[in-house]
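The values are calculated or read from the model by the stated rules, or taken from the named source; none is laboratory data. Remember, it's a predicted structure, so these values are computed and weren't measured experimentally. Cβ sites come from the backbone with ideal geometry, for glycine too, and all protein chains shown count toward neighbours. Note: areas computed on protein heavy atoms with side chains; ligands, DNA, RNA excluded. Shrake-Rupley method; radii C 1.70, N 1.55, O 1.52, S 1.80 Å.
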Amino acid sequence: LCNRIDRNTGGIVIAAKTAEALRVMNQKIKDRELEKRYLCVIHGAMPQREGKLEGYLWKDEVKKQVYVRSKPVPGAKTAVTLYRTLAVRNGLSLVECELITGRTHQIRAQFSAAGHPLLGDVVYGAKKPVPGLAGQCLHAAQLTFTHPSTGERITVEAPLPNWFQTVLQRLELD
């Protein structure tokens, strides 16, 4: 595997067929040459419809949870997420996120720290699961990169799982 997504998150995961392909894709990830877009449903509405979430993520290895800091601390890594609100209804928002950095739990921790945790996130949001949800409403929807051999621009999209689509329909967010 070249990348991972959080447990209970749907969408695209990259796998390499050869050791060389793995090396190339890992370098593209390190050099931030992959554009990664996610869809999520958050509680409430962000103060601005579009913006940037920036901070430093520090991981507590014992709790397997990350915390957002406004200033660098030892062991913390820079985290940057661009977001765009697509719809707001019934106290929830459908948001598209572009990862500039790709840190563990980045989207989940940053929106929670901003006061808008993801619907169904029992780690960074409400501590009880939401009936009918298979996890947090977070989906790795699109990945774009330049093919290392052909130079062709490649975009891969993953459709929303049925349970996520059902959430959007119930909230009239589709």
* Can you find a residue in the stretch 151-164 that is in contact with a helix residue (DSSP H, G or I) (Cβ under 8 Å, 6 or more places away or on another chain) and open to solvent by 60 Å² or more (accessible area, probe 1.4 Å)? -> no
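So, in the stretch 55-65, of the ones that are modelled with pLDDT under 95 and in a strand (DSSP E or B), which residue ends up farthest from the chain's Cα centre (by Cα)?
That would be 60.
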* To do: May I ask you to say which residue of 73, 88, 62, 80 is hydrophobic (A, V, I, L, M, F, W, C) and under 20 Å from residue 9 (Cα atoms)?
  => 80
* Output yes when any residue across the stretch 77-94 is under 22 Å from residue 165 (Cα atoms), in contact with an Asp or Glu (Cβ under 8 Å, 6 or more places away or on another chain), modelled with pLDDT under 95 and not in a strand (DSSP E or B), and no when none is. => yes
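Residue by residue, here is whether (1) small (Gly, Ala, Ser); (2) under 22 Å from residue 49 (Cα atoms); (3) open to solvent by 60 Å² or more (accessible area, probe 1.4 Å) holds:
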residue	(1), (2), (3)
70	yes, yes, yes
79	yes, yes, no
88	no, yes, yes
100	no, yes, yes
125	yes, yes, no
128	no, no, yes
132	yes, no, yes
* To do: Considering only the stretch 90-140, state which residues are in contact with a His (Cβ under 9 Å, 6 or more places away or on another chain), of a type in the set (Val, Ile, Thr) and within 21 Å of residue 61 (Cα to Cα).
  => 123
* With (1) aliphatic (A, V, I, L, M); (2) outside any loop (DSSP other than H, G, I, E, B); (3) open to solvent by 50 Å² or more (accessible area, probe 1.4 Å) as the list, and residue 109 as the residue in question, which single condition is left unmet? -> (3)
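Name the residue that is nearest to the chain's Cα centre (by Cα), counting only residues in the stretch 14-54 that are among the hydrophobic types (A, V, I, L, M, F, W, C) and loosely packed, with under 14 Cβ neighbours inside 10 Å.
Across the stretch 14-54, the extreme among qualifying residues is 15.
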* Looking only at the stretch 138-146, decide whether some residue is under 23 Å from residue 34 (Cβ atoms), hydroxyl-bearing (Ser, Thr, Tyr), out of contact with any Ser or Thr (no Cβ under 8 Å at 6 or more places or on another chain) and part of a loop (DSSP other than H, G, I, E, B). => no
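If I go through the stretch 70-85 residue by residue, how many of them are free of Cβ contacts under 8 Å to residues at least 40 places away in the same chain and over 28 Å from residue 2 (Cβ atoms)?
4
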